[in-house]
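A short worksheet on the structure shown next.
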Amino acid sequence: MSLALSPLDLTALSVFAVAWLAYEPLLKAAARGKGAINTDMTVIRLAWMKNMAGRENRFMDGQLFGHVLNSASFFASSNLILIAGAAGVLFGGESTFRSASSLVVITTSTRLLFEFQIALVLVALARGLLDFIWAIRQMNYCIAVVGAAPDTEDQAFKDAYGEAAARLLNPSISAFNAGV
């Protein structure tokens, strides 16, 4: 069985590859200008972490981190369910292919092409899951930083601690965004 791709299939594969490979670099290039939300958010997160380092009561900071961590966990678990579903379709055999081919909205020429399409979706979902897992791990580090923030009157130390916390927080949020 060969994987003969029609011109339309090749076009769809090319669009998918370009979108997947070029999306993040294009976002980063656009963020170098003013007004990009991701660039603005790094500034806001820096201010948040500096304020956190100066607060006596950090309960709200912990609550905000808990919310972000729950969001990442929800996306990761949802992604895992989608991976299980796609893997079930991929390894479902001939009966799954026949069932999917009988649908009006799905037109697939061969079983091999169908399996290739599902495998491509599975790879994209797996990449997203890995990003979510990495984001969750980094967010757990951020929670430790909030919990370990010392109570001091030294403003220079508070600013330095806030900057260090923001340098830890920003990549975790970037990993979460990459997963999404």
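The table below gives the values:
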{"quantity": "Per-residue [θ]222 nm for the chain (sum of -39500 (n - 2.57) over DSSP H runs n ≥ 4, rounded to 500)", "calculated": "-28500 deg cm²/dmol"}
{"quantity": "Of VAL18, VAL123, VAL145, the one that fluctuates the most in a GNM where the chain has Cα springs shorter than 10 Å", "calculated": "VAL18"}
{"quantity": "Mean separation of Cα contacts under 8 Å, 6 or more apart, over the residue count of the chain: relative contact order %", "calculated": "35 percent"}
{"quantity": "Of the DSSP H helices in the chain, those whose Cα atoms cover at least 20 Å axially and whose Kyte score averages -1.0 or more", "calculated": "7-31, 37-54, 59-90, 111-148, 155-179"}
{"quantity": "Loop-resident sites, the stretch 75-180, for GluC sites (Glu not before Pro), counting at most 13 other Cβ within 10 Å (DSSP)", "calculated": "GLU153"}
{"quantity": "Sulfur and carbon atoms: percent of accessible area, the stretch 97-180 [1.4 Å]", "calculated": "64 percent"}
{"quantity": "GNM top mover of ASN170, ASN140, ASN57 - the chain, alpha-carbon springs below 10 Å", "calculated": "ASN57"}
{"quantity": "Solvent exposure of the stretch 56-156 as accessible area per residue, Å², 1.4 Å probe", "calculated": "61 Å²"}
{"quantity": "In the stretch 90-180, chymotrypsin sites (Phe, Trp or Tyr not before Pro) in a DSSP loop with at most 11 other beta-carbon atoms within 10 Å", "calculated": "PHE91"}
{"quantity": "Share of carbon and sulfur in the accessible heavy-atom surface of the stretch 4-78 [1.4 Å probe, %]", "calculated": "70 percent"}
{"quantity": "Top of ILE44, ILE133, ILE143 by mean-square fluctuation, Gaussian network on the chain, Cα under 10 Å", "calculated": "ILE44"}
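The values are calculated or read from the model by the stated rules, or taken from the named source; none is laboratory data. Predicted model, so just to flag it, every value in this text is computed and none were measured. Heads up, the Cβs are rebuilt from the backbone with ideal geometry, glycines too, and the neighbour counts pull from every protein chain shown. For accessibility, only protein heavy atoms count, side chains too; no ligands or nucleic acids. Shrake-Rupley method; radii C 1.70, N 1.55, O 1.52, S 1.80 Å.
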